[in-house]
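This report refers to the structure that appears directly beneath it.
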């Protein structure tokens, strides 16, 4: 073989190897999930720093989970009531499983908004939802931010109350995580 052909084949193999070795799966083990609940004259927030999940950009598969017992509202009694309401013994996790509905360009170095469609499971009830994800490539991976709302009664949950004042049905959810190459 000529030196030029060997050089060309070596270069081609290197380029192909670098393309196929580019990570397509990004994950987090310690993302943040927050919900906001409101009621007349009061509101509260539940927070967890135990969000785990992955996005496979090759297949589009998206999976995220939050252990219910990792969610804290700042009041132990309220947390206990929440765990009971969510039947944490039977359903220990809040889960989202879906697929990217839009393309995400891994080579683009600016924030992109893509939609993900899938099944959101809360307290054993699953509903299909669509959530916009803001994905921003940063030096250590991809910063994910997402916000959406849900009606807890859609998940078969009774609205909690304090005295005779009930918590609003609509809850706001936020997810923030740094996804790193796997």
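Descriptive notes on the structure:
- Boolean, residue 106 is touching a residue at least 60 places away in the same chain (Cβ under 8 Å), more than 20 Å from residue 70 (Cβ to Cβ) and either in contact with a helix residue (DSSP H, G or I) (Cβ under 8 Å, 6 or more places away or on another chain) or surrounded by 14 or more Cβ atoms within 10 Å (Cβ to Cβ) (or both): yes
- Candidate set from the range 57-91 (those that are free of Cβ contacts under 8 Å to residues at least 40 places away in the same chain and within 17 Å of residue 156 (Cβ to Cβ)); member that is surrounded by the most Cβ atoms within 10 Å (Cβ to Cβ): 68
- Checked against (1) closer than 25 Å to residue 36 by Cα; (2) assigned to a loop (DSSP other than H, G, I, E, B), residue 102 passes all but condition (1).
- Qualifying residue in the range 68-86 (condition: part of a strand (DSSP E or B) and within 28 Å of residue 167 (Cα to Cα)): yes
- Test: residue 122 is touching a helix residue (DSSP H, G or I) at 6+ places or on another chain (Cβ under 8 Å), crowded, with 16+ Cβ neighbours inside 10 Å, under 30 Å from residue 163 (Cα atoms) and touching a residue at least 40 places away in the same chain (Cβ under 8 Å): no
- Looking across the range 157-171 at every residue that is under 22 Å from the mean Cα position of the chain (by Cα) and in a strand (DSSP E or B), the one that is surrounded by the fewest Cβ atoms within 10 Å (Cβ to Cβ) is identified as 170.
- Exclusive hit being under 24 Å from residue 101 (Cα atoms) and not in a strand (DSSP E or B), set 174, 136, 154: 154
- Taking the criterion of being under 17 Å from residue 48 (Cβ atoms) and under 21 Å from the mean Cα position of the chain (by Cα), the residues of the range 83-100 that qualify are 83, 86, 88, 91, 92, 93, 94, 95, 96.
- Whether a residue is modelled with pLDDT under 95 and surrounded by 12 or more Cβ atoms within 10 Å (Cβ to Cβ) was assessed, and residue 101 does not pass this test.
- When each of 72, 109, 61 is tested for being under 18 Å from residue 25 (Cβ atoms) and in contact with a strand residue (DSSP E or B) (Cβ under 7 Å, 6 or more places away or on another chain), the lone residue that passes is 61.
- Filter result for residue 96 (surrounded by 13 or more Cβ atoms within 10 Å (Cβ to Cβ) and in a strand (DSSP E or B)): yes
The values are calculated or read from the model by the stated rules, or taken from the named source; none is laboratory data. Keep in mind it's a predicted model, so treat the numbers as computed, not measured. Here the Cβ is made from the backbone with ideal geometry for all residues, glycine too, and neighbour counts use every protein chain on show.
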